[in-house]
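> Below you will find the structure I want to go over with you.
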Amino acid sequence: MADVQALVSSAASLSSSPEGLAELQSLLESSAATLSSDANATMSALESGALAPDAHALAHTHFLHAVVAASHSSSAPMHDASRVHDDETSRFVALATTLLTRFDRAQVARNDPSKFATVCGALRDIAIARQLPTPAIAPMLAAVRRLRPSPEHLTPQHGMALHLCVAARFHSAAKSLLDDRVLTCDPSETGLKPEEFLLYAYYGGVVLAGLGEHERAAELTLAAATAPATTTSAIAVAAYKKHALCSLIADGEVEPLPQYCPAIVKRHLKAACGEYHALVDACKERSKSGESGAEKIAKAAADGAAAFAAEGDAALAALVVKSSTRRDVKRLTETYLTLSLADVAKHAEIEGGAAAAEALLVDMIASNEVSASVDQKDGVVRFHDAGADRYASAAMAERLDEEMKDMMTLANRVRAAEEAVMEDKHYLQKATDVLAGPAGGLA
């Protein structure tokens with residue numbers, strides 16, 4: 001088993017070709033114990049500059065992974081409160097940050113993306129433990145962009161970057177990441193694990209909610225809540241709670257869980273989300289009755305205030321109440337052409353009377369939620385029918401054309417994925433085994 005300096009020499013000579021990298025991967029795997037036995041010497045070898053983080057990315061990954069492994073086997077890992085500011089941890093952070101921003105994708109992705117993900121996860125944990133997540137955001141975003149084969153690929157670093165943005169309350173930093181349409185999960189290329197998909201969907205939903213994109217947040221958190229599972233995870237429960245609140249804000253209701261949601265998850269969510277279901281039911285009653293029901297919604301929100309605060313959902317619950325009032329005002333446009341401001345306040349149960357109703361209407365007109373004009377002199381609002389002109393613009397025609405093209409592209413991708421699965425040898429073998437049944441015939 002080679003010592004650290006011998007491994008440095010081997011890495012320097014073997015990193016220039018695919019064959020050499022394959023040999024180096026085996027050598028570093030067999031020498032993991034040596035690297036972990038002296039974390040100081042391992043990091044000193046990297047700090048010496050003998051190995052560059054781009055030309056020798058695979059070696060850097062293994063060396064830093066060994067430091068993480070040594071940390072986890074000790075009584076206090078690097079992200080422990082007693083160690084987050086010590087010299088060894090600071091040295092690791094500096095080396096890992098450099099690796100994330102300079103590594104060669106071909107070396108990492110083809111040989112050991114899982115160890116690279118472990119290094120990234122350690123950097124995230126230390127940053128959050130230090131309560132200094134912001135400096136780690138840029139390196140993690142750089143790691144995402146360097147590791148993924150295309151913007152459509154999901155990596156473990158997606159969820160880590162989103163987690164850091166949430167911890168830093170810097171939601172806008174993650175917007176470009178979430179604007180990329182993720183369609184491909186390929187563990188062989190990125191080292192992605194199922195729980196890392198859940199973290200991406202959960203923290204992505206939290207970021208989108210923070211940015212006010214509640215409809216998209218509801219979609220992403222639903223993906224986390226309904227992912228295939230044999231048991232219910234804490235992430236799935238937390239994701240469903242965010243999904244319920246974001247759905248109420250965006251649409252005023254929560255659709256039933258889809259058929260593909262695991263039965264065990266469905267059962268557990270009913271018991272684990274009592275206060276959330278009470279708020280959902282209050283909104284459902286308002287929708288069915290056709291009446292405002294703002295008081296019931298506000299009461300359900302107040303009754304569940306402690307639970308919402310414990311989950312960090314107090315702000316979203318407050319938005320549910322506010323959005324229900326705005327939705328009630330929008331419903332008035334379906335019935336009335338002209339209405340006094342006092343009647344608007346009465347129908348929508350707006351506290352503060354006509355003045356509060358006028359302020360709300362002005363805000364909704366400015367944000368294009370309603371098409372109306374307020375006559376301050378007479379104290380009335382006149383609702384306009386904007387439906388006729390909604391789609392009569394070149395911009396809207398262009399948007400519809402682009403969305404149709406996107407739908408056709410996505411349909412072709414789904415068809416191609418289905419064909420690939422149907423032709424996969426492992427799938428065909430499993431399908432044959434299931435059809436054969438335990439007795440060797442059709443079950």
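The values are calculated or read from the model by the stated rules, or taken from the named source; none is laboratory data. Note that this is a predicted model, so its numbers are computed, not measured. Cβ atoms come from the backbone with ideal geometry, glycine included; neighbour counts cover every protein chain shown.
> For the range 32-51, give me each residue that is among the hydrophobic types (A, V, I, L, M, F, W, C) and in a loop (DSSP other than H, G, I, E, B).
Across the range 32-51, the qualifying residues are ALA50, LEU51.
> Under 16 Å from VAL108 (Cβ atoms), surrounded by fewer than 16 Cβ atoms within 10 Å (Cβ to Cβ) and modelled with pLDDT under 95: which single residue out of SER30, SER16, SER48, SER37 fits that description?
SER16 is the lone residue from the list that is under 16 Å from VAL108 (Cβ atoms), surrounded by fewer than 16 Cβ atoms within 10 Å (Cβ to Cβ) and modelled with pLDDT under 95.
> So which of ALA298, ALA314 ends up being touching a Phe, Trp or Tyr at 6+ places or on another chain (Cβ under 7 Å) and under 23 Å from SER247 (Cβ atoms)?
ALA314
> Could you look through the range 73-118, keep only residues that are out of contact with any helix residue (DSSP H, G or I) (no Cβ under 7 Å at 6 or more places or on another chain) and not in a helix (DSSP H, G or I), and pick out the one that is modelled with the lowest pLDDT?
Among residues in the range 73-118 that are out of contact with any helix residue (DSSP H, G or I) (no Cβ under 7 Å at 6 or more places or on another chain) and not in a helix (DSSP H, G or I), the one modelled with the lowest pLDDT is SER75.
> Quick one: which helices (runs of 4 or more DSSP H) lie wholly within the range 123-184 and hold at least 3 residues that are on the phi < 0 side of the Ramachandran plot and surrounded by 22 or more Cβ atoms within 10 Å (Cβ to Cβ)?
Once the helices (runs of 4 or more DSSP H) in the range 123-184 are filtered for at least 3 residues that are on the phi < 0 side of the Ramachandran plot and surrounded by 22 or more Cβ atoms within 10 Å (Cβ to Cβ), what remains is 134-147, 156-168.
> On to the next question. Quick check on SER9: is it crowded, with 19+ Cβ neighbours inside 10 Å, of a type in the set (Ser, Thr, Tyr) and in a helix (DSSP H, G or I)?
no
> Moving on to the next point. Evaluate the range 69-76: report whether one residue or more is of a type outside the set (S, T, N, Q), buried (at least 22 other Cβ atoms within 10 Å of the Cβ) and either within 18 Å of LEU7 (Cα to Cα) or assigned by TED's automatic domain parsing to the domain that holds PHE116 (or both).
Looking through the range 69-76, none of the residues is of a type outside the set (S, T, N, Q), buried (at least 22 other Cβ atoms within 10 Å of the Cβ) and either within 18 Å of LEU7 (Cα to Cα) or assigned by TED's automatic domain parsing to the domain that holds PHE116 (or both).
> Same structure, new question: Going through VAL362, VAL344 one at a time, which residue ends up being modelled with pLDDT of 85 or more and surrounded by 15 or more Cβ atoms within 10 Å (Cβ to Cβ)?
None of the other options fit; the residue is VAL344.
> THR230: surrounded by fewer than 16 Cβ atoms within 10 Å (Cβ to Cβ) and of a type outside the set (A, V, I, L, M, F, W, C), yes or no?
For THR230, the condition - surrounded by fewer than 16 Cβ atoms within 10 Å (Cβ to Cβ) and of a type outside the set (A, V, I, L, M, F, W, C) - is met.
> Going by the conditions given, is ALA143 farther than 30 Å from VAL414 by Cα and hydrophobic (A, V, I, L, M, F, W, C)?
It is false that ALA143 is farther than 30 Å from VAL414 by Cα and hydrophobic (A, V, I, L, M, F, W, C).
> Please specify each residue of the range 47-66 satisfying the condition of being within 12 Å of ARG91 (Cβ to Cβ) and more than 33 Å from the chain's Cα centre (by Cα).
GLU47
> Working only within the range 317-331, note down all residues that are more than 28 Å from CYS273 (Cα to Cα) and surrounded by 20 or more Cβ atoms within 10 Å (Cβ to Cβ).
VAL329, the sole residue that qualifies.
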